[in-house]
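The values are calculated or read from the model by the stated rules, or taken from the named source; none is laboratory data. Keep in mind that what you see is a predicted model, and the values were worked out from it rather than measured. With ideal geometry, Cβ positions are generated from the backbone for all residues, glycine too; neighbour counts draw on all protein chains shown. Side chains are part of the model used for accessible areas, which takes the heavy atoms of the whole protein and leaves out ligands, DNA and RNA. Shrake-Rupley method; radii C 1.70, N 1.55, O 1.52, S 1.80 Å.
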Amino acid sequence: MKSDFYKDLKIYNSLSGKKEIFVPINKKNVGIYVCGPTVYNNAHLGNCRTFISFDIIHRYISHLGYKVRYVRNLTDVGHLENDDDGEDKISKKARIEKLEPMEIVQKYTLDFHTIMEKFNTIPPNIEPTATGHILEQIDSINKIIESGYAYKKNGSIYFDVIKFNKINKYGKLSGRKIEDMMNSSRDLDGTSDKKNPQDFALWKKAEKNHIMYWNSPWGKGFPGWHLECTSMSKKYLGDFFDIHGGGMDLKFPHHDCEIAQSEAIDNQSPAKFWMHTNMLTLNGKKMSKSIDNFILPNEIFTGKNNILSKDFSPNIVKFFMYQAHYRNVLDLSNDALIASEKGLNKLIDGFNLIPNLNSNHNKSDFDVDNWISNCYSRMNDDFNTPMLIAEMFECVKFINNVNIGSKNLNKKDKEKIKNTFEIFLFEILGLINENNSNSGKSSDLIELLIKIRNQARTNKNFELSDQIRDDLLKLGIQLNDEKNESSYKLI
Ligand code: AMP
Ligand code: ZN
């Protein structure tokens, strides 16, 4: 492990409702499974928020020194319009767009990957698809049938929630009680094959015109949505792994069903920690395609949306998302994006000043070690990005003061500040130094001018050396001549 900071990582576990110290199941290896998108349309910014939140979680846990296997699936079959009824979302889109279902899957998977790349997120180690794991899902169903918690009706297989709940508890994550569900749910209409409205499909019989189906011991059909995550997480991370994540809206029924399936198969809950990200809202309402309340990432990157006054880069949008803790709601607005742009520029400008800071003092007027430890404490407190950013601004204040000469800095601390900024801004928050290419070149140019001026001074060409000094000053670059060396600061 890189340092001792890993020992203090606390994660909020949705299962216990508490922050718990993170101790992985296998010492150095960490398994993370995140429910990925259903690839039937373009991911909106709300979807992106969830995957960006898990990107930081993945990055930070890796930074602490763990070897992480990060699995995020793609749902390409089985996600129906209304839980267990209605058309398959992919098939429906294929019909509307007059494409093969796999063309729909390919088109929106590519779009999703492009957007995730623009957001500079690290791809998962494994990105399994539901259609690529039909055999594993059939195997899971057989095990659930063996355990006695599934029944067959007209070529479909259902999970018997009521029977399961008599021995185990159904609804552990959401805290919903089966009695309440029974009182509030509508009775089944005569066409349903389910025994009870709470039951859910493990395998659905393919009706005559259904396009996506596979052979199974129960005839032609397709798997239920909840099953893929159980089967694929077991395959790649084992029966009990460290972290299972997704958006809050997946707690019920998706994740409660996953827990029930796993418990039916091998008597244990699949994950030690359950993590749920909160929603991105627009006009105070959940960002969602189904209520036509959404913005696509590309609309923001190009400024082509009527709530926006201009375009915002992926870097700015990402920084905006970090302003709220991942378990809090975040509302998207033009003003909030403008404020994030200013904040991010200030932070990056601060970072870009570091190489030129005067560090000729013996003592620094800033407790750098304490500041570094605070940065880790913020992230160790359930990945608290807004508080981490506040810490970074605290240091930017100091950097600006050193730049104008009102605070002192020594060489060792200068190096530590630079390293820590690089770790938190770029490695963990995954931001990009957009100003870097320019400012890197400008600082090289300034250094070049200083060199030419020094040669002029050596040659006693004071006219030229003074002209360079004065012209640089007009551009806000102040030279400082000390002994044989010249340094500069931006004023
Ligand atoms: P879906 O493609 O609908 O299965 O959603 C993919 C992921 O995005 C799931 O983890 C959802 O919980 C998450 N999600 C959907 N809408 C939002 C939102 N408005 N804010 C944050 N996450 C969301
Ligand atoms: Zn899932």
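Any idea which of (1) under 30 Å from N209 (Cβ atoms); (2) open to solvent by 10 Å² or more (accessible area, probe 1.4 Å); (3) within 16 Å of ligand 2 (Cβ to nearest atom) is the one F51 doesn't satisfy?
The failed condition is (1).
Give the residue, chosen from L344, L337, L388, that is aliphatic (A, V, I, L, M), assigned to a helix (DSSP H, G or I), within 26 Å of S3 (Cβ to Cβ) and modelled with pLDDT of 95 or more.
Result of the check over L344, L337, L388: L388.
Assuming P217 fulfils every condition listed in (1) touching a residue at least 12 places away in the same chain (Cβ under 8 Å); (2) surrounded by 15 or more Cβ atoms within 10 Å (Cβ to Cβ) apart from one, which condition is it?
With respect to (1) touching a residue at least 12 places away in the same chain (Cβ under 8 Å); (2) surrounded by 15 or more Cβ atoms within 10 Å (Cβ to Cβ), P217 is out only on (2).
Among the residues of segment 240-264 satisfying the criterion of being under 23 Å from V30 (Cα atoms) and open to solvent by 10 Å² or more (accessible area, probe 1.4 Å), which is nearest to ligand 2 (Cβ to nearest atom)?
This residue is L250.
What residue, among those in segment 33-46 that are of a type in the set (S, T, N, Q) and in contact (Cβ under 8 Å) with a residue 60 or more places away in the chain, is nearest to ligand 1 (Cβ to nearest atom)?
That would be N41.
Check segment 54-66 and report whether any residue there is outside the structural domain of Q323 (by the TED database) and at pLDDT below 95.
no
Restricting the first residue to segment 67-81 and requiring it to be assigned by the TED database to the domain that holds T38 and closer than 16 Å to T230 by Cβ, which pairs with a second residue that is within 11 Å of ligand 1 (Cβ to nearest atom) and in a strand (DSSP E or B) meet a Cβ separation below 6 Å and a spacing of at least six or different chains?
R72/V34; T75/T38; H79/T38
Does L80 meet the test of being near ligand 1 (Cβ under 10 Å from one of its atoms), open to solvent by less than 20 Å² (accessible area, probe 1.4 Å) and closer than 23 Å to A130 by Cβ?
When the stated conditions are applied, L80 does not pass them.
Inspect all residues belonging to segment 14-25 and state whether any of them is more than 26 Å from S174 (Cβ to Cβ), away from ligand 2 (no atom under 16 Å from the Cβ) and surrounded by fewer than 21 Cβ atoms within 10 Å (Cβ to Cβ).
no
Given the residues F393, F421, which is the only one that is in contact (Cβ under 8 Å) with a residue 12 or more places away in the chain, within 30 Å of H63 (Cβ to Cβ) and buried (at least 19 other Cβ atoms within 10 Å of the Cβ)?
Of the residues listed, the single one that is in contact (Cβ under 8 Å) with a residue 12 or more places away in the chain, within 30 Å of H63 (Cβ to Cβ) and buried (at least 19 other Cβ atoms within 10 Å of the Cβ) is F421.
Pull out all pairs, ordered by first then second residue, where Cβ-Cβ is under 7 Å, the residues are six or more apart or on different chains, the first lies in segment 158-176 and is part of a helix (DSSP H, G or I), and the second is among the polar types (S, T, N, Q).
Pairs found: V161/N196; V161/Q198; I162/N196; I162/Q198.
More than 13 Å from ligand 1 (Cβ to nearest atom) and either without any contact (Cβ under 8 Å) to a residue 24 or more places away in the chain or of a type in the set (D, E) (or both): is that true of K92 in this structure?
No; evaluated as a whole, the condition is false for this residue.
In segment 312-349, how many residues are loosely packed, with under 15 Cβ neighbours inside 10 Å and acidic (D, E)?
Adding up the residues that qualify gives 2.
Taking interchain pairs and intrachain pairs at least six residues apart, which have beta carbon atoms under 6 angstrom, with the first residue in segment 243-258 and within 9 Å of W274 (Cβ to Cβ) and the second more than 7 Å from ligand 2 (Cβ to nearest atom) and part of a helix (DSSP H, G or I)?
Every condition considered, the pairs that remain are G245/F54.
Restricting the search to segment 293-304, which residues are within 16 Å of ligand 1 (Cβ to nearest atom) and open to solvent by less than 30 Å² (accessible area, probe 1.4 Å)?
N293, I295, P297, I300
Which ones in segment 198-232 are within 16 Å of ligand 1 (Cβ to nearest atom), in a loop (DSSP other than H, G, I, E, B) and out of contact with any strand residue (DSSP E or B) (no Cβ under 6 Å at 6 or more places or on another chain)?
none
Whether any residue in segment 122-134 is open to solvent by 40 Å² or more (accessible area, probe 1.4 Å), more than 22 Å from the chain's Cα centre (by Cα) and not hydroxyl-bearing (S, T, Y) is what I want to check.
yes
Just one of (1) free of Cβ contacts under 8 Å to residues at least 60 places away in the same chain; (2) in contact with a Lys or Arg (Cβ under 8 Å, 6 or more places away or on another chain) trips up I316, so point out which.
I316 satisfies every listed condition except (2).
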